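The values are calculated or read from the model by the stated rules, or taken from the named source; none is laboratory data. What you see is a predicted model; the values in this text were computed from it and never measured. Cβ sites come from the backbone with ideal geometry, for glycine too, and all protein chains shown count toward neighbours.
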Ligand SMILES: Cc1cc2nc3c(=O)[nH]c(=O)nc-3n(C[C@H](O)[C@H](O)[C@H](O)COP(=O)(O)OP(=O)(O)OC[C@H]3O[C@@H](n4cnc5c(N)ncnc54)[C@H](O)[C@@H]3O)c2cc1C
């Protein structure tokens, strides 16, 4: 009977090391480093980060989301989930461990779909943590529905020429290259007419119109989400990533992993808010005792604990399913469920923690405002909640097989008659007892 909630002792040792290392060495950086974790040119920040990265490498825990052929551990998603629910506590920790988004997702698709030359030029330095990358897909007029994208690439001899607009291209300002999704054939079904390109960030014609700020606690105040115009940007033909027309297949590979990894880190974020809530409940005095002695506060703590446990189990199960099937498509329903659950548990727990802190809770001296925005972002980025609910419902209904004896929504009288006949002896007995 394989239904095991325990962690192997050897891996638990690694988790204990990660926990201590993040708590003592990395989390304090969140309070002193103000720049972006993606800015590799920030010498001040890099001077603090590089030695920590070396310690992680020496421990053999660098880029664990990757297989051994790419220098990772090939841990699989369950182990990654257990790691990420520690790393997610600090905005610097994923960079220190070589698994920060969106670079981790971009590395995944370069590894899957890149040519040897693309891997050498773009993947290797990304894996080594030397450069940052950007995923440039969403357009100002089209996000949740990518079939409406209009940014075009037209073939011109040995080059492709890209024209159009993208926005919310996170970290473009720090990136060495961008992975851009564009229409290459407007005359076929959009699912077959779009392609991905690797675009060097210094290619002539890239204009960053502005960098938009999202006031999350994990971001810099200047804004990291670029609104980009591509003015006839030329890339060599060998910068096509994967097949022409293959953008949606690549996007799904990337987003499947990206969504579940966000969820793993969200467990940590929510856990942090919950810790703060408990600390407040036990330390704040009221006329009759601590906040924690009041039943309405206890209800908030109980609800939060239950919701975090539910979410964590949902994430771990989805991770286990990915390991089992090794195919994001087969696990779409589970990943979509995690994606839908994530903003709600994040919002609800943070809101309760914020409320229990009173005035200081809503101030800029606590992280709750930024966490509330981050919770909302989780329900928008990588596709809004509504779209993922539709995915779940469609898959559930597609796989639904009517069981012969479940409570039916139709033909109830006929089934009831059959049940009465089957259990006639019991019913007679009941009547006899009355
Ligand atoms: C912090 C942050 C970082 C991001 N980083 C990146 C990045 O690096 N690269 C990138 O390409 N994109 C990025 N995005 C963009 C993100 O992927 C899009 O915001 C998302 O896909 C939604 O698109 P939209 O903003 O155009 O919203 P819209 O498509 O306009 O949707 C707005 C709302 O309409 C409703 N809605 C839309 N479609 C449906 C539907 N089918 N059914 C029911 N309701 C619907 C939902 O309530 C939805 O929230 C980022 C976004 C944020 C907030």
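The table for this structure:
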| read-out | value |
| --- | --- |
| Those residues of the range 222-249 which are buried (at least 22 other Cβ atoms within 10 Å of the Cβ) and touching a helix residue (DSSP H, G or I) at 6+ places or on another chain (Cβ under 9 Å), in sequence order | 224, 226, 228, 239, 241, 247 |
| Per-region count, the range 122-145, residues surrounded by 18 or more Cβ atoms within 10 Å (Cβ to Cβ) and over 26 Å from residue 90 (Cβ atoms) | 5 |
| Subset of the range 184-221 (residues that are loosely packed, with under 15 Cβ neighbours inside 10 Å, touching a helix residue (DSSP H, G or I) at 6+ places or on another chain (Cβ under 9 Å) and in a loop (DSSP other than H, G, I, E, B)) | 186, 187, 189, 215 |
| Cβ-Cβ under 7 Å pairs, at least 6 apart or on other chains, the range 359-378 side without any contact (Cβ under 8 Å) to a residue 60 or more places away in the chain, far side within 13 Å of the ligand (Cβ to nearest atom) | 375/343; 376/343 |
| 3 or more residues modelled with pLDDT of 95 or more, surrounded by 21 or more Cβ atoms within 10 Å (Cβ to Cβ) and within 16 Å of the ligand (Cβ to nearest atom): qualifying helices (runs of 4 or more DSSP H) within the range 335-413 | 368-378 |
| Residue count, the range 282-314 (criterion: more than 30 Å from the chain's Cα centre (by Cα) and part of a helix (DSSP H, G or I)) | 9 |
| Residue within the range 77-85 that is under 30 Å from residue 189 (Cβ atoms) and buried (at least 24 other Cβ atoms within 10 Å of the Cβ) present | no |
| Subset tally (residues that are under 20 Å from residue 238 (Cα atoms), within 15 Å of the ligand (Cβ to nearest atom) and outside any strand (DSSP E or B)) for the range 147-173 | 1 |
| Residue check for residue 176: in contact with a helix residue (DSSP H, G or I) (Cβ under 6 Å, 6 or more places away or on another chain), outside the structural domain of residue 55 (by TED's automatic domain parsing) and either part of a strand (DSSP E or B) or within 13 Å of the ligand (Cβ to nearest atom) (or both) | no |
